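The next block holds one structure in the form of structure tokens; read it before the comments.
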Amino acid sequence: MNPIYEKTSAAVRVRPAHTGDTEAVRAIRNQAIAHSTALWTQIPQTPIEAVAWLDAHLERGSAFVAEVDGEVAGFAVFGPWRAELEGYRHSVEDSIYVREGRHGLGIGTVLLATLIDAAREAGHRVMIADIEAGNTASIRLHERFGFRHVGTLPGVGTKFGRWLDLAIMQLPLQ
Ligand SMILES: CC(C)(COP(=O)(O)OP(=O)(O)OC[C@H]1O[C@@H](n2cnc3c(N)ncnc32)[C@H](O)[C@@H]1OP(=O)(O)O)[C@@H](O)C(=O)NCCC(=O)NCCS
């Protein structure tokens, strides 16, 4: 394992994900689906879907988890942006989720640092973050790493009975 992918702060240990993390990652993802507008769906991920979803990231080496006290407290992945068209193959999109009750402790920061290093190491050119425009924690997190807000698509989504705006942020990796 390349040590660049393993960053340790006082209490948080970030490491590459493995198949044994599938259920912990699914639980954090489903928590965000149920309680937030971070993911624009209300349909929880099934155990079978979670295996397929994480496996695709594991094959690419693009999934990481953060452990606090030996428990998975968050995860981060990057994946293709607009995978159906090969002309976008040098751009990747990031996703970061921290377990409720562990927000604001620096876990997202360590995860995003690791993710950017890994995407750069893999030779990608641009990282894109699509963020619900009212998600100030995520916008602030991405700003800290130099992501620039390049535009907002108003009213392109809906959840919990209201329309949602999508803020698009971008970081050059090279
Ligand atoms: C967004 C998220 C990943 C950030 O991770 P985190 O571990 O809570 O964030 P950190 O503690 O590393 O803090 C990162 C920055 O965000 C800011 N931040 C954290 N929580 C915040 C909040 N509730 N409101 C405003 N800013 C906040 C921090 O102040 C920090 O910026 P600063 O150092 O300039 O003060 C996390 O809150 C989360 O999982 N939220 C729910 C899912 C989600 O929205 N994921 C992103 C989808 S795009």
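The values are calculated or read from the model by the stated rules, or taken from the named source; none is laboratory data. All of these numbers come straight from a predicted model, not from anything done at the bench. Reconstructed Cβ throughout: ideal geometry from the backbone, glycine too, with neighbour counts over all protein chains shown. Quick note on the areas: whole protein, heavy atoms, side chains included, nothing else; ligands and nucleic acids left out. Shrake-Rupley method; radii C 1.70, N 1.55, O 1.52, S 1.80 Å.
Points to keep in mind about this one:
- Scanning segment 151-163 for residues that are within 15 Å of the ligand (Cβ to nearest atom) and under 24 Å from Leu112 (Cα atoms) turns up Thr152, Leu153.
- You will find that of Arg140, Arg125, the residue that is near the ligand (Cβ under 10 Å from one of its atoms) and basic (Lys, Arg) is Arg140 and no other.
- Taken as a whole, the condition of being within 16 Å of the ligand (Cβ to nearest atom), open to solvent by 30 Å² or more (accessible area, probe 1.4 Å) and part of a helix (DSSP H, G or I) applies to Thr109.
- Going through (1) closer than 25 Å to Leu164 by Cα; (2) in contact with a Gly (Cβ under 9 Å, 6 or more places away or on another chain); (3) within 12 Å of the ligand (Cβ to nearest atom) one by one, Gly134 falls short only on (2).
- Positions within segment 87-106 being closer than 17 Å to Gly61 by Cα and in a strand (DSSP E or B), in sequence order: Ser91, Val92, Glu93, Asp94, Ser95, Ile96
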